[in-house]
Structure formats: C-alpha cells, structure tokens
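Input: a single structure, listed below in structure tokens.
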Amino acid sequence: MSPKRKIILSSIFFLIFFLLIFLFLIFPTLKELKRISREILQTNLKLEEIERRQEEIEKFKKLPSEIKENLSKFENFLVNKEIPIDFVEFLEKMAKDLNIQSQISISSFSKDSISFQIKGVSSPENVFKFIEKVENCNYLTQIEKIRISKLTESELKREEFKEFSKNDLKFEIFFSVLTK
C-alpha cells in the first residue's frame, strides 16, 4: 500500500470512528440533555404556578375580615324583609320634611326585594326633591315608574286637596328596594 492510500484509509477509518462515537455517545447525550432541560423548564413552570397560587391563597386568607367588613356595610343598604318599618318611617320622615302629603304602601314582595308605591301631593320643587332623595337614599332602590300631573280643578275642590293650589303636583312613584 502506498502512503497516500494509507492516509486516505486511516482518514476514512477515523472519520467513521468519530461518526460512530458521535452517533452512539454524543448524540444520545445531547438528546438526553435536551429532555432533561425540558423537564427542568416544566418543573420551574410548575413551581412558579405553585408560588403564584400560594400568594393568592395568602391574599385570600386576608380577605375574610375585609369581606365581613364590606358585607356589614352592604347590609346597611338593604331593607329588613321581615319588618320594613324602618324604611317606611324613613320615607315618611322624608315626605314630612319636604311638606309632602303622602301615602306609602307596599305593592309586592319578591325573594330579594320589596316593591313600594308612594302617592303624594306637594309643590313641584318638593316633589322633585323627594324623587331625587328616594333615588339617591342610602338604601338600594330602583325606581320603576313615576307619574306626575298637575292638580285639576275638580281635584282642588275635594276636601283632601283644599290646602293645595293649581300649581301643585300630584305624583305616584313605583320603586323596589333590595332586602336582606
């Protein structure tokens, strides 16, 4: 064999040898490293998720006292379903303060609200102040319907409206209020 041929053969042999080493040793090792790094990444993601959940749990543990405080404040905005007397007295006092002759009645009950009807007579500014106060009171109310009209000549002749003038208004407000 010529020296040139020996060099070529030995080069081929070394090339095959390195190729085999790469295929059987280095390539599987690289594959295994890739798999391990993927597992580490997944584990890190799981750990981050666990830490995030733990932070949320800690925040949630602090919430009950805040929730109780807010619930007690919220309950002050609700009318007692069993005895809505406080709310009716509140409406009567508001009407009296605005010099409104009124009749307050409960029109219906539902699971979580009571519907009221208020009929009244007074000057226009007092009627609108009363409506605004009902709408913006400390209770959770929702006005459903309002009827407002001027007193007619025939109504002014009736005994119940003698103290009013033709510029005064009569009104009806239908609204509901949330209950506890």
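Throughout, read-outs are computed from the coordinates displayed, never taken from laboratory work. For clarity, every value in this text was computed on a predicted model and none was experimentally measured. Virtual Cβ from ideal backbone geometry, glycine too; neighbours counted across all protein chains shown.
Tabulated values for the structure
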item	result
12 Å beta-carbon shell around Glu49, net charge (K/R +1, D/E -1)	-1
Three-way shape call for the chain based on the alpha-carbon gyration tensor, with the a/c threshold at 1.5	prolate
Kyte-Doolittle mean at least -1.0 and Cα axial length at least 30 Å: DSSP H helices in the chain	none
Over 31 Å (Cα to Cα) - which of Lys59/Lys180; Lys119/Lys180; Lys96/Lys150; Lys62/Lys133; Lys59/Lys111 fall in this group	Lys62/Lys133; Lys59/Lys111
Computed label-point distance, nm, for sites Ile16 and Lys133 using a 7 Å Cα→Cβ extension	10.7
Calculated P(r) of the range 1-75 - Cα pairs past 16 Å, %	74
Most mobile of Lys34, Lys162, Lys145 in a GNM of the chain (Cα contacts under 10 Å)	Lys34
Spacing of the two label points (7 Å from each Cα toward its C-beta) at Gln54 and Leu156, in nm	8.1
The range 85-178 - Rg over Rh from alpha carbon coordinates, Kirkwood radius	0.99
The chain - mean residue ellipticity at 222 nm from DSSP helices (-39,500 (n - 2.57) per run, n ≥ 4, rounded to 500)	-18500 deg cm²/dmol
Modelled label reach - Ser165, point 7 Å along Cα→Cβ, the range 104-137 residues with backbone N closer than 14 Å	122-126
Packing-based ranking, highest mean first, of 153-160, 114-121, 164-171, 137-144 given that Cβ atoms within 10 Å are counted	114-121, 164-171, 137-144, 153-160
Inter-centroid distance (Cα atoms) of the range 1-67 relative to the range 150-171, Å	91
